[in-house]
Amino acid sequence: MIFTGLVQSLGKVVREVSSPEGVRLTVSSPVARELQEGDSIAVNGVCLTATEVDGDSFTSEVMNETLSRSSLQGAGPGAAVNLELPLRAGDRLGGHMVQGHVDGVGRVVSVAEDGFARRLEIEAPEKLTRYVVSKGSIAIDGVSLTVADCGERSFTVSLIPETLARTNLGAAGLGTRVNLEIDVLAKYVERLIKR
């Protein structure tokens, strides 16, 4: 599956059922009307499969591997989640190629207003930040963004009013945990060079 990182809908978690096998997450959003059982959907940047669809809601099973790499663990009732359906043949690629394979979790360590924009500084493990470059692409909670600045353990993105209004990043504050997917091209280049 390929996504663009352009959020189509802000959904709301209505049920989270945890067990040793994983989590069953039910999300309410009008975008559910476009789903059938077995379809893929990105939830906060995590590619999940809709296992049940009921009107304006869908349910997905989140396996333990996904929970260990993402912030979906604890996304309880009321949590706002970014939703995107996969890219279809003929659609425009408005963001960048996002796979829905979250690489890890970052944490917001600074929030600063910058004119009509808002700058977020995200702290992340060095195993991820080594792939982040200034003016490169990154997906944060499934949102395709351009890196404004980067350091060894953190990077900064600038959010326009549209992003603030249409995604859950508008409510992100200090300490908010976010899913990160780095640009897959960086990982391929590193692997080729190592060989």
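The values are calculated or read from the model by the stated rules, or taken from the named source; none is laboratory data. Just so it is clear, the structure is predicted and the values come from calculations on it, not from any experiment. Glycine gets a Cβ as well: all are built from the backbone with ideal geometry, and neighbour counts include every protein chain shown. These area figures cover heavy atoms from the full protein model, side chains too; ligands, DNA and RNA do not enter into them. Shrake-Rupley method; radii C 1.70, N 1.55, O 1.52, S 1.80 Å.
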Quote the charge dipole size of the chain about the Cα centre in Debye, to the nearest 20; the model charges only the Cβ of Lys and Arg (+1) and of Asp and Glu (-1). 500
Structure-based [θ]222 nm, the chain - -39500 (n - 2.57) summed over DSSP H runs of at least 4, per residue, nearest 500: -3500 deg cm²/dmol
With angles folded into 0 to 90 degrees, how steeply does helix 184-194 sit against the dominant principal axis of the chain? Use alpha carbons for both and round to 10. 60
About its Cα centre, how strong a charge dipole does region 1-77 have in debye, to the nearest 20, once Lys and Arg get +1 and Asp and Glu get -1 at the Cβ? 280
Glu123: accessible area at probe 1.4 Å, nearest 10 Å²? 70
Here are a few candidate values for Cα Rg over 2.2 N^0.38 Å: [x] 1.13; [y] 0.99; [z] 1.07. Which one was actually calculated from the structure I just gave you? [y]
Cleavage-rule hits (trypsin sites (Lys or Arg not before Pro)) in region 21-120: DSSP loop, at most 12 neighbouring Cβ within 10 angstrom: Arg88, Arg92
